[in-house]
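Written out below as structure tokens is the structure these notes cover.
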Amino acid sequence: MFVGVGASRVRDLFEQAKANAPAIVFVDEIDAVGRHRGAGLGGGHDEREQTLNQLLVEMDGFDVKGGVILIAATNRPDILDPALLRPGRFDRQIAVDRPDMQGRLEILKVHQKGKPVAPDVDLGAVARRTPGFTGADLSNVLNEAALLTARSDQKLIDNKALDEAIDRVVAGPQKRTRIMSDKEKKITAYHEGGHALVAAASPNSDPVHKITILSRGRALGYTMVLPDEDKYSTTRNEMLDQLAYMLGGRAAEELVFHDPTTGAANDIEKATATARAMVTQYGMTERLGAIKFGGDNTEPFLGREMAHQRDYSEEVAALVDEEVKKLIETAHNEAWEILVENRDVLDNLVLALLEKETLGKEEIAEIFRPIVKRPARPAWTGSSRRTPPRARRSSPPRSWP
């Protein structure tokens, strides 16, 4: 790009907007020109900064009678220049989060139009099964279901096609050419069964919706554990149950085969990240307390490793590692104990998986009927000095003469 072309185009844009007032100027991906000035290792007065400077000058020239409204969108508000966000420029920021269950239902209704959907399809059930999906994900689900329906020479999109479409969006298409030996199938079945059983036996875990040992994407199988309702925060007990559930597959391999495989690599990675967040971000250990350890540099262009600042000593770093290991080890032991207590249920689940390869929520609930649930954990306040008071007994009503 020639020097000054960006600034010139910004001037022309606002001149056209003022000439056609009232007008709305919409800038998509504003972070392309609105990044923090002087950012990166080089910095300097480059062409992008000249464009941003001109944009700031034009926005300073706004008045209430101009009739021009500027709207912009970005997925990276953290890297925008502070001058763009001050009052008088972009003084109103609207966060657009992922849709909740009702929002997903309305989005599905929009994308359903023009597609032949069977009358028994419940879009509400699809919305409940897709927490965290964006509008693009939901559109992709219905498009995938339509393609699957056409490939099978069907006329209407049914629940089976939608179920397969959700699996494709979550984990990728099924790898039908990957043929596993009977031993690997058995190991995968016990691994996924361990995840599901530990999740079902934990007192604060979400319900198990699906288990499959069919290979998809990079996974040899997967277990779908989903909340029945949208959740916006997580308790400590729920996170501890998540740790146990993540390590349930590894514990099942150790219990049954006495020789764990590499299949738990992703589980261990997620469990370690969760445990470290509990220690360093959420203050969920008594030994270190409610302190945030480590900070993020305000410079977002140096890379994750260079931007991360460790604002604590080597001794504290050793304590953090100890607490992370303690959380992981405790969760691992909990998963082991659950599997030992419910070994018969685990074996029955594996037999059903080897026979059917995929189990739905109702089939899983039937197999898990005799599960022995773990008792609730004792109250935790973060300190032995902060003991929760006992619930006061309600005094009987006083009788008046």
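The values are calculated or read from the model by the stated rules, or taken from the named source; none is laboratory data. Fair warning: this is a prediction, and the values are worked out from it, not measured in the lab. For neighbour counting, all protein chains shown are included, and Cβ atoms are generated from backbone atoms with ideal geometry for every residue, glycine included. Ligands, DNA and RNA are excluded from the accessible area calculation, which covers all protein heavy atoms including side chains. Shrake-Rupley method; radii C 1.70, N 1.55, O 1.52, S 1.80 Å.
For (1) outside any helix (DSSP H, G or I); (2) modelled with pLDDT of 90 or more; (3) closer than 30 Å to residue 184 by Cβ; (4) within 29 Å of the chain's Cα centre (by Cα), each residue gets a yes or a no:
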{"residue": "324", "(1), (2), (3), (4)": "no, yes, no, yes"}
{"residue": "339", "(1), (2), (3), (4)": "no, yes, yes, yes"}
{"residue": "348", "(1), (2), (3), (4)": "no, yes, yes, no"}
{"residue": "363", "(1), (2), (3), (4)": "no, yes, yes, yes"}
{"residue": "371", "(1), (2), (3), (4)": "yes, yes, yes, yes"}
{"residue": "385", "(1), (2), (3), (4)": "yes, no, no, no"}
{"residue": "399", "(1), (2), (3), (4)": "yes, no, no, no"}
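When the range 79-100 is filtered for residues that are open to solvent by 100 Å² or more (accessible area, probe 1.4 Å) and touching a residue at least 24 places away in the same chain (Cβ under 8 Å), only 98 remains.
The rows are residues; the columns are (1) modelled with pLDDT under 80; (2) under 21 Å from residue 71 (Cβ atoms); (3) surrounded by 16 or more Cβ atoms within 10 Å (Cβ to Cβ).
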position	(1), (2), (3)
3	yes, no, no
8	no, no, no
14	no, yes, yes
17	no, yes, yes
23	no, yes, no
38	yes, no, no
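For the range 170-213, the candidate set comprises residues that are surrounded by fewer than 18 Cβ atoms within 10 Å (Cβ to Cβ) and of a type in the set (A, V, I, L, M); within that set, the residue that is farthest from residue 234 (Cα to Cα) is 179. Note on the range 40-73: among residues that are charged (D, E, K, R) and in a loop (DSSP other than H, G, I, E, B), the one that is modelled with the lowest pLDDT is 65. Going by the structure shown, is residue 331 part of a helix (DSSP H, G or I) and either modelled with pLDDT of 90 or more or not charged (D, E, K, R) (or both)? In short, yes.
Counting only residues that are acidic (Asp, Glu), farther than 19 Å from residue 170 by Cα and either surrounded by fewer than 14 Cβ atoms within 10 Å (Cβ to Cβ) or free of Cβ contacts under 8 Å to residues at least 24 places away in the same chain (or both), the range 219-268 holds 1 of them. Every test in (1) open to solvent by 20 Å² or more (accessible area, probe 1.4 Å); (2) among the charged types (D, E, K, R); (3) touching a Pro at 6+ places or on another chain (Cβ under 8 Å) is passed by residue 216 save one, and that test is (1). Annotation: of all residues in the range 101-118 being in a helix (DSSP H, G or I) and of a type in the set (D, E, K, R), the one that is surrounded by the fewest Cβ atoms within 10 Å (Cβ to Cβ) is 109.
Looking for something of a type in the set (D, E, K, R), in a loop (DSSP other than H, G, I, E, B) and either at pLDDT below 90 or farther than 30 Å from residue 19 by Cβ (or both) - is there at least one such residue anywhere in the range 74-82? Yes, there is a match, as at least one residue in the range 74-82 is of a type in the set (D, E, K, R), in a loop (DSSP other than H, G, I, E, B) and either at pLDDT below 90 or farther than 30 Å from residue 19 by Cβ (or both). Can you say whether residue 212 is touching a strand residue (DSSP E or B) at 6+ places or on another chain (Cβ under 7 Å), of a type in the set (S, T, N, Q) and under 17 Å from residue 267 (Cβ atoms), as far as the supplied structure shows? Spelling it out, residue 212 is indeed touching a strand residue (DSSP E or B) at 6+ places or on another chain (Cβ under 7 Å), of a type in the set (S, T, N, Q) and under 17 Å from residue 267 (Cβ atoms). Against the conditions (1) in a helix (DSSP H, G or I); (2) open to solvent by 70 Å² or more (accessible area, probe 1.4 Å); (3) touching a residue at least 12 places away in the same chain (Cβ under 8 Å); (4) hydrophobic (A, V, I, L, M, F, W, C), residue 380 satisfies every one except (1).
Against the condition under 22 Å from residue 243 (Cα atoms), of a type in the set (A, V, I, L, M, F, W, C), at pLDDT 90 or above and loosely packed, with under 11 Cβ neighbours inside 10 Å, how does residue 318 come out, does it pass?
Numbers: under 22 Å from residue 243 (Cα atoms): yes; of a type in the set (A, V, I, L, M, F, W, C): yes; at pLDDT 90 or above: yes; loosely packed, with under 11 Cβ neighbours inside 10 Å: yes.
Judged against the criteria, residue 318 is a match.
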